[in-house]
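Participant: Take this structure first; my questions come after.
Throughout, read-outs are computed from the coordinates displayed, never taken from laboratory work. The structure displayed is predicted, hence computed values, not measured ones. Positions of Cβ are generated from backbone atoms using ideal geometry, with glycine treated the same way; all protein chains shown enter the neighbour counts.
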Amino acid sequence: MIRLEAATSGETTMRGNVAAPRLLLRRLREVLAEPISAQERLDKIVEQIASNMVAEVCSTYVLRSDDVLELYATVGLNREAVHLTSLKVGEGLVGLIAADARYINLANAQVHPAFAYKPETGEEMFNAFLGVPILRAGRTLGVLVVQNKSHRTYTEEEVEILQTTAMIIAEMIAAGGLEPIGRAGTLDIKRPLRLEGLGFGEGVGLGHVVLHEPRVVVSNLIADDTNRELSRLDAAIEKLRISVDDLLSRSDVAVPGEHRDVLEAYRLFAYDRGWVRKMEEAVNNGLTAEASVEKVQSDTRARMLRQTDPYLRDRLHDFDALANRLLRELMGRPHGPFAGALPKDAVVVARNMGAAELFDYDRDRLRALVLEEGAPTSHVAIVARALGIPVVGQLPNAVSLVESGDPIIVDGETGHVHLRPASDVESAYAEKVKFRARRQAQYRRLRSKPSVTKDGQDVQMQLNAGLLVDLPHLEESGAAGIGLFRTELQFMVASSFPRMAEQERLYRNVLAAAGDRPVTFRSLDIGGDKVLPYVRQSEEEENPAMGWRAIRLGLDRPALLRTQIRALLKAGAGHELRLMFPMITEVSEFERAQALVEREKAFLRRHGYQLPETVKLGVMIEVPSLLFQLDELFSVVHFASVGSNDLMQFTMASDRGNTRLSNRYDSMSKPFLRLLKLIADKAREYHVPITLCGELAGKPLEAMALLAIGYRSISMSPSSIGPVKSMVLDLDVGRLRARLLPRLEPGKGTSDLRPFLKLYAEEQGIPI
Ligand code: PEP
Ligand code: MG
């Protein structure tokens, strides 16, 4: 565990007389309240700093979007140099401070190797130099400098004063109003940024940033009463420590694991004397308790952001979370995610998020989602795709780079994110959106075409669904049915456990919307990363994906599963009811579930209810152990569906939600394709209908390979139907199969078959 003291090295302890800084801050408050322009305000601020610190020079440099620091205000240097003098980041002492986000304190600046002489400033007379970065949320926005003629070293107190006033200037810059007068167009804080993450699919979203966990905005920076602020700070720290201790003593975190490690990190930070001392120093210098938390947070962040060690970067997240907790404590804000009014075109930016949290946002106002972490098959990504929301994940530092309300464009296909885009980028994307709409219209025209390959093979294209909002897609996409209805989504959006009647109502609506088309319901798949907000888990699991989830939970809590089965049987009266069970590991689990269905059928019959015309029961093949029980399995089930998301994660022992692993193993490789083929072959041997309903089915290239190895029924998210269908119509499956199968044989050939598949599609003109 690193200590914050180490992380903030380069800072100093404040001792001695504290009246001067408080006086300065009081003056600055008066300046901030004056009805003058931002430029005039900055001019006055540097005058106040110079006079308070008895400095002959005080200057502010502001970082522009072209990585140049422009002199914005000065007393002591030639006034004509304002908006003329500029230094690149890294150039001269000022540039060095900006590059390293660290202060420089020198008795004789002229002899420093980085000193850059700018004749227009008249700087040559000054020897002593103290410059500090102007930081906000760890980002450098400029540099604040004081200089004196004498050869003197500024005291630790003076360093602290200058850092504190720099924070006030940072807020001023962020508040806007300072427009560049020099050559470059914008200030750095308004700089357009093009960021690259991983596209999790689903088109393009344009809108404005909403932080999932909003930063607490501290508006009151300067204290009226320092003693009062000190006791507020102490009380809040005390409360924070108690709350962290409480969390750690709860029985559900008693088990070692990642969750507990994070809390342990919180506790270390909460009790870190260096952290507390720095905040107290900032209060002693005249800041409010909140402002002091923010100042120390920003300083620490600036240093830790420069760390390349992933462990330390993770600790930064922990530290940030704790500092935010403290801020909320001080400002009496409720903890937790965004609770404000959502703009009409919200793009939610989060470090990570559970699938259930996504439902807290009004779908009609949600344009896109950006995650620092996540993986394409994590459930939040799947749910977002089901809702038609573009997602980009694995975008490092996304949360600290954005400001609430920033314009943003999210391209879920390429993984590009444009923050504060220039107008040409915006119009290019508006074009892209139009183009997509045209393409969608083309896909819609394919809707009524039978999905038959060039060589006459029928392909059942089905939908993955889970909510009422999905149902119109059936008609729009021309899908043959619902291949996977994820019943847990209804439970995830609800604020309390849906009763049997509510479940029945939903299932009835689904069957009515589907008409003659088949619907395959999946029994509740909760546990793992699909937690229900209203069910408190009694035990934190170390490996939840392999834990007490899905059918395991259902069989251990039969009342839950039976309620659902009863609701399904009632809703299915007069129809065919298809029901499959997730995460089956042993055939006997299916048989136990089947027995529950039989029992419920008997119950309903006894009570005079009409039953479904037929009940077909199946399993999801998601756990590799089933591969060694296929003969037994296919002898007892009516149908099966391959859950390739989970099957891939368990076969490769590679967590589907882990950012670092998401590109590591390819499903289009020999081992996985062989395994999928084995399932298809066995199913055919036993005449058991087989579908594949994982995310693979919705990607044209992958779907093409699935058809080649023998799948004829695939189920995918609504927006994939168009692209996959246009692949199907142009594919000669027989020909591809003949080329692909030899490549799956043992031999020296490469294990990765993706390049072959890409080339094949290219040569044959198959759209993928
Ligand atoms: C799967 O695992 O492939 C699947 C379809 O189920 P889910 O993604 O809901 O776990
Ligand atoms: Mg699954």
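Participant: Count the net charge of all other residues whose Cβ sits under 14 Å from the Cβ of R241, scoring Lys and Arg as +1 and Asp and Glu as -1. Don't skip to the answer; put the middle values down first.
Facilitator: Working: positive: K239, R267, R273, R325; negative: D234, E238, D245, D246, E264, D272, E329.
Neighbourhood net charge equals -3.
Participant: While we're here: So which lysines pass the test for K449, namely a Cα distance under 17 Å, with those fewer than 8 places away in the same chain ruled out?
Facilitator: Answer for K449, where 17 Å is the Cα cut-off: K725, listed by chain and number.
Participant: Could you run the Debye sum over the Cα atoms of the chain, one equal point scatterer each and no solvent, and tell me log10 of I(q)/I(0) at q = 0.07, 0.09 Å⁻¹, two decimals?
Facilitator: -0.62, -0.90
Participant: In what sequence, highest mean first, do 65-72, 684-691 appear when ranked by Cβ atoms within 10 angstrom? Write down the numbers at each step before the final one.
Facilitator: On the way: 65-72: 21.5, 684-691: 16.2.
Descending packing order for the listed peptides: 65-72, 684-691.
Participant: Counting pairs of Cα atoms in the stretch 637-678, how many percent are more than 16 Å apart?
Facilitator: Every Cα pair in the stretch 637-678 considered, those over 16 Å come to 37 percent.
Participant: Report the Cα-based extents of the stretch 2-190 along its three principal axes, largest first, to the nearest Å.
Facilitator: 42, 39, 37
Participant: Could I ask something else about it? Quick one: length gained pulling D234 to Y686 fully straight, 0.36 nm per residue minus the C-alpha distance? Kindly include the intermediate steps, with their values, before the conclusion.
Facilitator: Details: separation 452, 0.36 × 452 = 162.72 nm, distance 7.13 nm.
That pair, D234 and Y686, stretches by 155.6 nm at full extension.
Participant: Further, regarding this structure: If you take every DSSP beta bridge whose two residues both sit in the chain, what share of them, in percent to the nearest 5, is antiparallel?
Facilitator: Taking every DSSP beta bridge within the chain, about 55 percent pair in antiparallel fashion.
Participant: In addition: Go through 297-305, 236-244 and give me the packing order, highest mean Cβ count within 10 Å leading.
Facilitator: Taking the mean over residues of other Cβ atoms within 10 Å, the ranking is 297-305, 236-244.
Participant: For E476 and E431, calculate 0.36 nm times their separation in residues minus their Cα-Cα distance, and state this gained length in nm to one decimal.
Facilitator: 13.8 nm
Participant: Report, in whole Å, the centroid distance computed from the Cα atoms of the stretch 545-580 and the stretch 652-718.
Facilitator: One Cα centre to the other: 25 Å.
Participant: Run a plain Debye calculation on the stretch 562-717 (Cα atoms as equal point scatterers, no solvent) and give log10 I(q)/I(0) at q = 0.13 Å⁻¹, rounded to two decimals, same order as the q list.
Facilitator: Calculated log10 I(q)/I(0) at the listed q: -0.65.
Participant: Place a +1 charge on the Cβ of each Lys and Arg in the chain and a -1 charge on the Cβ of each Asp and Glu, then give the dipole magnitude about the Cα centre in debye, rounded to the nearest 20.
Facilitator: 2240
Participant: Here's a follow-up. Averaging over all projection directions, find the projected area of the Cα convex hull of the stretch 546-585 and quote it in nm² with one decimal place.
Facilitator: 3.0
Participant: Which of the listed residues, G515, V204, P192, is farthest toward the dipole's positive end in the chain, when Lys, Arg count +1 and Asp, Glu count -1 at the beta-carbon?
Facilitator: Towards the positive end, the residue furthest out is G515.
Participant: Over all Cα pairs of the stretch 459-606, how is the pair count split among 5 Å bins, expressed in % and running from 0 up to the last occupied bin?
Facilitator: 2, 9, 19, 22, 20, 16, 9, 3, 1
Participant: Next question. As a test of the formula, what do you get for the chain when each DSSP H run with n ≥ 4 contributes -39,500 (n - 2.57) and the sum is divided by the residue count, at 222 nm and rounded to the nearest 500 deg cm²/dmol?
Facilitator: Mean residue ellipticity, 222 nm, calculated: -13500 deg cm²/dmol.
Participant: Quote the Stokes-Einstein diffusion coefficient, in whole µm² s⁻¹, for the stretch 318-430, based on the Kirkwood radius over alpha carbon pairs, a temperature of 20 °C and a viscosity of 1.002 mPa s.
Facilitator: 142
Participant: Could you give the dipole magnitude of the stretch 446-764 about its Cα centre, charging the beta-carbon of Lys and Arg +1 and that of Asp and Glu -1, in debye to the nearest 20?
Facilitator: Working: 42 positive and 39 negative charges, 78 e Å.
Computed about the Cα centre, the dipole is about 380 debye.
Participant: Under 8 Å for C-alpha pairs, at least 6 residues apart: give me the relative contact order for the stretch 446-764, rounded to a whole percent.
Facilitator: Numbers: 533 pairs, mean separation 63.7, N = 319.
RCO, the stretch 446-764: 20 percent.
Participant: Go from 0 up to the bin containing the longest alpha carbon distance in the stretch 446-764, width 20 Å each, and give me the % of pairs per bin.
Facilitator: Taking all Cα pairs of the stretch 446-764, the binned fractions are 32, 59, 10, 0 percent.
Participant: Sort 30-41, 717-728, 670-681, 612-623 for me by packing, meaning the mean count of neighbouring Cβ atoms within 10 Å per residue, highest on top.
Facilitator: Highest-to-lowest ranking by the protection proxy: 717-728, 612-623, 670-681, 30-41.
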